[in-house]
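Everything below concerns the one structure shown next.
The values are calculated or read from the model by the stated rules, or taken from the named source; none is laboratory data. The structure presented is a predicted model; accordingly, all values stated were derived computationally and were not measured. All Cβ positions, glycine included, derive from the backbone under ideal geometry; neighbour counts span all protein chains shown.
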Amino acid sequence: MGRTVFSTSPRVDVIVDLGNPFLNLTVDGFLKIGSVAVAKAAAEEAYFIAKRGSVSRHDFEKSLKKMCREGAYWGTVAGLYVGMEYGVERVRGVRDWKNAMIGGALTGAIVSAASNQSKDKIVLNAITGSAVATAAEFINHFT
């Protein structure tokens, strides 16, 4: 039976070689998702500047800080997730969707705990991280 492809997108690979697969994957995830977050923040800021019709030095500095903050935050979350998934794969000795589920749960819990969230919020974020990572893993295998 044929395979249906919903969309095709270019694949961008950044070569990172720190001599350790765990570090390579973590830095690669940080760079890729961090750059997407920077582009998102830049687009949002460009929209608001265009809407106002002018840009000041203060606006530019504020935009640059937001881009850096967003890139660092989302890059860190992505790097943590990729590292957790790889670590779980190494511990379990199996490469399957369960690694994404466990890695997502650990990432959600760690990010939430680092943000000084309540115990209930940590559990909910672990569940959310697990669900999103598992869904992304399944979608990735079907496209």
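Only one of GLY108, GLY71 is under 30 Å from PRO21 (Cα atoms), in the same structural domain as HIS141 (by TED's automatic domain parsing) and modelled with pLDDT of 95 or more; which?
On the way: GLY71 fails: in the same structural domain as HIS141 (by TED's automatic domain parsing).
Going through GLY108, GLY71 in turn, the sole match is GLY108.
Here are ASN125, ASN116: which of them is of a type in the set (S, T, N, Q) and surrounded by 14 or more Cβ atoms within 10 Å (Cβ to Cβ)?
From the options ASN125, ASN116, the qualifying one is ASN125.
With respect to GLY83, is the statement that it is assigned to a helix (DSSP H, G or I) and without any contact (Cβ under 8 Å) to a residue 60 or more places away in the chain true? No: the conditions fail for GLY83. Being touching a Lys or Arg at 6+ places or on another chain (Cβ under 9 Å), within 18 Å of ASN140 (Cα to Cα) and at pLDDT below 90 is not true of VAL5. Taking the range 94-120 as the range and being of a type outside the set (A, V, I, L, M) and part of a helix (DSSP H, G or I) as the test, the residues that pass are TRP97, LYS98, ASN99, GLY103, GLY104, THR107, GLY108, SER112, LYS119, ASP120.
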